[in-house]
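Participant: Mind looking over this structure? Questions follow.
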Amino acid sequence: MIKVLVIEDHHLMLQAVVDQLESEADIEIVGTSNKGSKVHQLVRAVAPDVVVLDLGMSSEVFEPISAVRQLRQDHPYVQILVLTGYDDPVYMREITKDGARGYLLKSDDLSINLPQAVRAVYGGQHHYSSAVVDKLLSGEGEQHDFTNQELTVIRLLAKGLVNEKIGEALGVSERRVRNILTSVYAKMRIQDEEGVNIRVTAILKAKEMGLLPEE
């Protein structure tokens, strides 16, 4: 029996995923939540074989790249299957690089692909939507030199968080956040000049570079 934990922001989608997987004889749902921040707590509590993880959590600050990386470090035998509407190639590349064995788009026929994907990642295989494979093979999302931590800060910045809150989300000091932003601005070649809102400029530049997932 494959034990599955489902983390999904939208109630109706969460119920649809649970209903679909529970109909499979070899899959058991051992936990659910609409809060990405609870994923580590729930993994420790219910010990799933596979975590089905949504990337977008509208009701809270949640950085999925960091979450996936931390899950793989703390629970290396738990497999991660991303189920999302984000078809952003940077997200695809960073998430899969950091340990997600599966990346499914919600636009797929989930009645066919979801159980198949759960079984594949449980067995140590990779399973991606065809659109994800196309973008990964095309090299989209590779043309940047930002670290994972810098990408995380950029995305939290785009959510409107101040430095203090970004630091809290990452578990680092506000001073460290300022240093990371300085590096980001330098790589984007943005000058801190009078009359220029450097944070807004960085967000606009990040959108142009394809560093922000589309909601």
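Where a number appears in this text, it was derived from the coordinates with a stated rule and is not lab data. Not measured: the values here are computed from a predicted model. Don't worry about glycine lacking a Cβ; one is built from the backbone with ideal geometry, like all the others, and counts go over all protein chains shown.
Participant: Treating the beta-carbon of each Lys and Arg as +1 and of each Asp and Glu as -1, no other charges, what is the dipole magnitude of region 148-208 about its Cα centre, to the nearest 20 debye? Let's see the in-between values first.
Facilitator: Numbers: 11 positive and 8 negative charges, 43 e Å.
That gives a dipole near 200 debye.
Participant: Mind listing the long-range amide H neighbours of residue 32? Cut-off is under 5 Å, sequence gap 5 or more, other chains count too, H placed in the peptide plane at 1.01 Å from N.
Facilitator: Correct list: 6.
Participant: Mind checking which of 179, 202, 153 is farthest towards the positive end of region 148-208's charge dipole, using Cβ charges of +1 (Lys, Arg) and -1 (Asp, Glu) about the Cα centre?
Facilitator: Checking the options against the dipole of region 148-208, the answer is 153.
Participant: Treat every Asp and Glu Cβ in the chain as -1 and every Lys and Arg Cβ as +1, leave all other atoms uncharged, and give the resulting dipole magnitude about the Cα centre to the nearest 20 debye.
Facilitator: Dipole size: approximately 660 debye.
Participant: Mind checking which lysines have their C-alpha under 18 Å from residue 187, skipping anything on the same chain fewer than 8 residues away?
Facilitator: 205, 207
Participant: With point charges of +1 on the Cβ of Lys and Arg and -1 on the Cβ of Asp and Glu, referenced to the Cα centre of region 2-138, which listed residue (48, 112, 70) lies farthest in the positive direction of the dipole?
Facilitator: Going by the charge dipole, the pick is 70.
Participant: Treating cross-link reach as a plain straight distance, find the lysines whose alpha-carbon is under 21 Å from the alpha-carbon of residue 38, omitting any fewer than eight places away in the same chain.
Facilitator: Within the straight-line limit of under 21 Å, residue 38 reaches these lysines: 3, 159, 165.
Participant: Under the rule of at least 5 residues apart or a separate chain, name every residue whose amide H is placed under 5 Å from the amide H of residue 79.
Facilitator: Here the answer is 50, 51, since their amide H atoms fall under 5 Å of that of residue 79.
Participant: Counting only residues 5 or more places away or on other chains, whose amide H sits under 5 Å from the amide H of residue 55 once H atoms are built in the peptide plane?
Facilitator: 83, 85
Participant: Sticking with this one: By how many nm would the segment from residue 45 to residue 198 lengthen if fully extended, with 0.36 nm per residue of separation less the alpha-carbon distance?
Facilitator: On the way: separation 153, 0.36 × 153 = 55.08 nm, distance 4.27 nm.
The span from residue 45 to residue 198 would gain 50.8 nm if fully extended.
Participant: Taking Rg and Dmax of the Cα atoms in Å as the quantity of interest, determine which of [x] 17.8, 64; [y] 16.9, 47; [z] 20.3, 85 was computed from the displayed structure.
Facilitator: Of the listed options [x] 17.8, 64; [y] 16.9, 47; [z] 20.3, 85, [x] comes from this structure.
Participant: Charges on Cβ only, +1 for Lys and Arg, -1 for Asp and Glu, centred on the Cα centroid of region 2-138; of 121, 17, 58, which one is farthest towards the dipole's positive end?
Facilitator: Value computed over the given set: 121.
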